[in-house]
1. Within the set of pairs 6+ apart or on separate chains, which have a first residue in segment 101-119 that is on the phi < 0 side of the Ramachandran plot, a second that is among the charged types (D, E, K, R), and C-beta atoms under 6 Å apart?
2. How about segment 172-205: which of its residues are surrounded by fewer than 20 Cβ atoms within 10 Å (Cβ to Cβ), over 24 Å from ILE19 (Cβ atoms) and small (Gly, Ala, Ser)?
3. Filter segment 121-161 for residues that are surrounded by 13 or more Cβ atoms within 10 Å (Cβ to Cβ) and basic (Lys, Arg) and give the result.
4. Working carefully through the options LEU26, LEU7, find the one that is of a type outside the set (Lys, Arg), surrounded by fewer than 23 Cβ atoms within 10 Å (Cβ to Cβ) and in contact with an Asp or Glu (Cβ under 9 Å, 6 or more places away or on another chain).
5. Which of the residues that make up segment 212-233 are surrounded by fewer than 24 Cβ atoms within 10 Å (Cβ to Cβ) and assigned to a loop (DSSP other than H, G, I, E, B)?
6. Among the residues of segment 124-131, is there at least one that is farther than 18 Å from MET164 by Cβ and either outside any strand (DSSP E or B) or at pLDDT 95 or above (or both)?
7. Just checking, which of PRO89, PRO94 is of a type outside the set (Ser, Thr, Tyr) and under 17 Å from the mean Cα position of the chain (by Cα)?
8. Can LEU116 be described as under 23 Å from ASP33 (Cβ atoms) and surrounded by 14 or more Cβ atoms within 10 Å (Cβ to Cβ)?
Amino acid sequence: MVRILFLGEITGRPGITAIRKGLPELKKKYNIDYTVANGEGATGGFGIGRATAIQLSKMGIDLITGAEKLFFKIDMVEFIQKAGFVLRPANYPPQCPGRSYRIVTLNDRKFAFINLQGNSMFQRQSIQNAFNSIESLLKKLQEKEEVIPVIQFHAATTAEKKTMRFFLDGKAAALIGTHTKVITADEMVTDQGLAYITDNGRVGSALSVGGFLPETEIQKIRSQIPVRSQECWDDGIIEGVIVDIDETTGKSTAIQRVMEHLEIEPPEKSNEADSDNTGK
C-alpha cells in the first residue's frame, strides 16, 4: 500500500508556518509515503515565488501544484522550467512553460501525478477543455508505460468536479479537488477504486476568509474598493486528505480527511519566503 497526503492550499506565511511546525509530525503520525500540496497562494496569498517553492520543498513537500495564480510571481516563469517538483495544469497551452505531470516510483510501481484545471469560472484564461485534455494525456501516458494516475483538479464549481469524478471513475486512482480552500465532507472511494473529494481545504488560518483577515475582506465587499488582503494568523490549521492506494491493483482502498489545529504566530521579522512576497 502507498499512502499519499494531499494538503489543501497553502495560504501565505501562516500556511508556511503551519507546514514548518506541523508537517513533520503529521507525516510521521500517518506514515506518509508522498506529499502533494497546492502552493499557488503560498507567497502572500497570491502566487508562489521561487524562494517559497524551494522552502516548501525543503520542509518535506514532494510536489507543488498551482493553477490560475501560479505565475503571479514573475520569477516562477523561469523557475518552473527547471523545477520538476512544481506542476502547472495539463490543459494550459503548449507555449506555457513547465511540466504538467510527474512520474514517481513508489513501492516499485510508477505513479503519474497530474495537475489539471477546470474551465468553469476562470473567464480570464483561455485553456483547453479539461475533460478532453486529461483523456488525451492518460492515453499518451499509458501508451508509454504502465502508470497509476493520480490527479489534482483545480476547479471553481462543485458541478465540474463531480462531473469529472464520474468521467475518471475506473481511469485513475485519485481525483482530489482544490480551489475553494474550504474542505468538503464528501470524501469517498468508488466501486472502481477512485478516491475522491470535492475540495481538500487549506493550510493556514482556520478563522479566516480563505486564509485572509475577515475585517479586510468585509471592507472589500462593502466598499467595492480593491484593498490588499491581509494574512490571518488566528487558529492555525493543516487540512487535506490521506489516500491509500494498492500498488498491485492501481486502485484506492481508503481516503480520510485531515484537520490538525496548531498554534501559529507571525514572525517578528520577514523570513526567507518574503524575498519573493510582492503581494498583488
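1. Listed by first residue and then by second, the contacts come to ILE103/LYS110; LEU106/ASP33; ARG109/GLU247; PHE113/ARG102; GLY118/GLU160.
2. Within segment 172-205, the subset surrounded by fewer than 20 Cβ atoms within 10 Å (Cβ to Cβ) is 182, 184-193.
Then keep just the ones that are over 24 Å from ILE19 (Cβ atoms); that gives 186, 188-193.
Answer for segment 172-205, where residues must be surrounded by fewer than 20 Cβ atoms within 10 Å (Cβ to Cβ), over 24 Å from ILE19 (Cβ atoms) and small (Gly, Ala, Ser): just GLY193.
3. LYS161
4. Working: LEU7 fails: surrounded by fewer than 23 Cβ atoms within 10 Å (Cβ to Cβ).
Criteria check complete, one pass: LEU26.
5. Residues satisfying the conditions are LEU213, GLN224, ILE225, PRO226, VAL227, ARG228, SER229, GLN230, TRP233.
6. Yes, the conditions are met somewhere in segment 124-131.
7. On the way: PRO94 fails: under 17 Å from the mean Cα position of the chain (by Cα).
On inspection, the qualifying residue turns out to be PRO89.
8. Here the answer is yes, as LEU116 does meet what is asked.
The values are calculated or read from the model by the stated rules, or taken from the named source; none is laboratory data. Just so we're clear, the structure is a prediction, and the values are computed from it rather than from any experiment. Positions of Cβ are backbone-derived with ideal geometry, glycine not excepted, and every protein chain shown enters the neighbour counts.
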